[in-house]
Amino acid sequence: MTTPSKRVFIKTYGCQMNVYDSEQMNTLLRNQGYSDTQTAEDADLIILNTCHIREKAAEKVYSELGRMRPLKENRKGVKIAVMGCVAQAEGAEIMRRAPVVDFVLGPQSYHHLPRMLNAENTSQDMRLATDFEVDDKFERLAARRGAQSPAAFVTIQEGCDKFCAFCVVPYTRGAEHSRSADQITAEVRALVRHGVREVTLLGQNVNAWADPQEGDIDGLGGLIAHLAQIDGLARIRYTTSHPRDMDDGLIAAHANERKLMPYLHLPLQSGADPVLKAMNRGHTLDHYKALIARIRAARPDIALSSDFIVGFPGETDADFEATMQAVRDIGYASAYSFKYSPRPGTPGAARDDQIPEPLKAERLAALQELLGAQQTSFNASMIGQTLPVLLERPGRHTGQVCGRSPFLQSVFADAPNARFGTMQMIKIENANRNSLSGTFCATTDEADPDMRKKSA
Ligand code: 5AD
Ligand code: SF4
């Protein structure tokens, strides 16, 4: 008789790095006999993979833990673990504030969970793992997972040395650290063997990637060219980049690598030079605009995306207007925007010229209206074009499928017999702010959806 397997429920907050880590954790636990479940109620192990980037994100963890307390009281043996950036930043505090938590694991310590689960001794030391030991983690977790979707994330770099004045990442994820080209290539090959057609290379500062083995592969542009040689891999993306690390090799990759998709997330944060300086971003608006001009010269149809923060301490009305004008001048296909949230331990939080919440909210609403209008019009410009779409998952109703355009837009189409993981040409007929829809035309083997040869 086989013993029924234990079930794990993982709830993921925050960025794609956390999504990747949750997938890795799932694989690790599957190897320990756990199966995954989509509901906390029937789980033996509940894991919250947390985000510390803004105050709201961090507070969610404590309210979620409050909601989970009865689950633990109702069923014997249920264990709760907190992983991710809140775990890293507030490990001991979580243990104190939420006794319901059994284990706390920082982003570099996930591979310790099986040992912690198996240990009889659950002293505080055994239950809290928040050391930085990046090499070990990658070695222990890499390339063991099976692919669940034709589009997968691959972490190639973690951490950050830039210390933007608003950001907790250098404290929660530690110093910049790149995985080796060999390790990344092995992981991508394994994913492709499992049916993956698209990879998104992830890093907090992904374009700061440098091969620690100092081989022939020069920077992220070189790595992309290297991975593009893998047969069966159709598309490559990367995120998140810093303007200071957008080097010539990477810009050239946008011109030369047909598998590199025409989409770039390049956060500007603010369009005002005094704010950029106060944020310690290390560049001006002119520098950013010049960069965009070079990237557009390399890849004219590239879709641009950005992050913006409004209400950083000291931001004047004129500074905010400079951000609005920068958005009008540059033109974005999509963007994320946030109210500044003071994070403990960061220089921005210590300033005494904080902006009142209502003013932040007013500025955010104005910026989001502008960005929303740009996104809607970018999507509308696709109507009438035939785009290659990698089918990833079922759509909203029976027979409908959903995939991504080269520009990362969600595209819906009725194609009841189409297989996920195939590339389909879809004629776009409708567009709204968040997605496109159209009719299925043909399957394409053409890995490169070269947007410069647009179909009528
Ligand atoms: N407050 C608001 N937004 C922030 N971000 C990072 N830290 C903060 C903060 N303290 C935003 C930045 C970053 C994105 C991931 O989150 O725009 O690019
Ligand atoms: Fe945070 Fe700045 Fe590093 Fe990005 S570059 S992770 S915003 S400190």
**Request:** Calculate what fraction, in whole %, of the accessible area of the chain sits on carbon and sulfur atoms when a 1.4 Å probe is rolled over the protein chains.
**Result:** 49
**For the chain, Cys with no neighbouring Cys Cβ under 4.7 Å** = CYS15, CYS51, CYS85, CYS160, CYS402, CYS441
**Request:** Take the alpha carbon atoms of segment 281-314, find their center, do the same for segment 1-79, and report the distance between the two centers in whole angstrom.
**Result:** 37
**Item:** Ellipticity estimate at 222 nm from DSSP helix runs (n ≥ 4, -39,500 (n - 2.57)) divided over the chain, nearest 500
**Value:** -10500 deg cm²/dmol
**Prompt:** Using the Cα gyration tensor of segment 385-454, with a ≥ b ≥ c the square roots of its eigenvalues, what is the shape: rounded (a/c below 1.5), prolate (a/b larger than b/c) or oblate (neither)?
**Reply:** oblate
**Request:** Could you tell me the distance between the Cα centroids of segment 91-117 and segment 148-187, to the nearest Å?
**Result:** 21
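List the equivalent ellipsoid semi-axes of the chain in whole Å, largest first, each obtained as the square root of 5λ for an eigenvalue λ of the Cα gyration tensor. Intermediate results must be reported in sequence, preceding the final value.
On the way: eigenvalues 236, 174, 98 Å².
For the chain, the semi-axes come out at 34, 30, 22 Å.
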**Item:** Dipole moment magnitude, nearest 20 debye, the chain about Cα centre, only Lys, Arg, Asp, Glu C-beta charged
**Value:** 1300
**Message:** Which order do you get for THR240, THR50 if you rank them by accessible area with a 1.4 Å probe, largest at the top?
**Reply:** THR240, THR50
**Prompt:** How much net charge surrounds THR12 when only other residues with a Cβ under 10 Å from its Cβ are counted (Lys, Arg +1; Asp, Glu -1)?
**Reply:** -1
**Message:** Could you tell me the relative contact order of segment 142-261? Use alpha-carbon pairs under 8 Å, at least six residues apart, and round to a whole percent.
**Reply:** 27
**Prompt:** Relative contact order (percent) for the chain, with alpha-carbon contacts under 8 angstrom and 6 or more residues of separation?
**Reply:** 10
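How high is the FRET efficiency between ASN280 and GLU55 when r is their beta carbon distance and R₀ equals 22 Å, given to the nearest 0.05? Each step should come with its number before you reach the end.
Numbers: r = 20 Å, r/R0 = 0.92.
Plugging the Cβ-Cβ distance into 1/(1 + (r/R0)^6) gives 0.65.
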**Residues of segment 142-261: accessible area per residue with a 1.4 Å probe, Å²** = 35
**Item:** Cross-link partners of LYS339 among lysines (Cα-Cα below 24 Å; sequence separation of 8 or more within a chain)
**Value:** LYS56, LYS60, LYS162, LYS277, LYS289, LYS360
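The values are calculated or read from the model by the stated rules, or taken from the named source; none is laboratory data. Note that the structure is predicted; figures quoted are calculated from it, not measured. All Cβ positions, even for glycine, are placed from backbone atoms using ideal geometry, and neighbour counts span all protein chains on display. These accessible areas exclude ligands, DNA and RNA; they are computed on the full protein's heavy atoms, side chains included. Shrake-Rupley method; radii C 1.70, N 1.55, O 1.52, S 1.80 Å.
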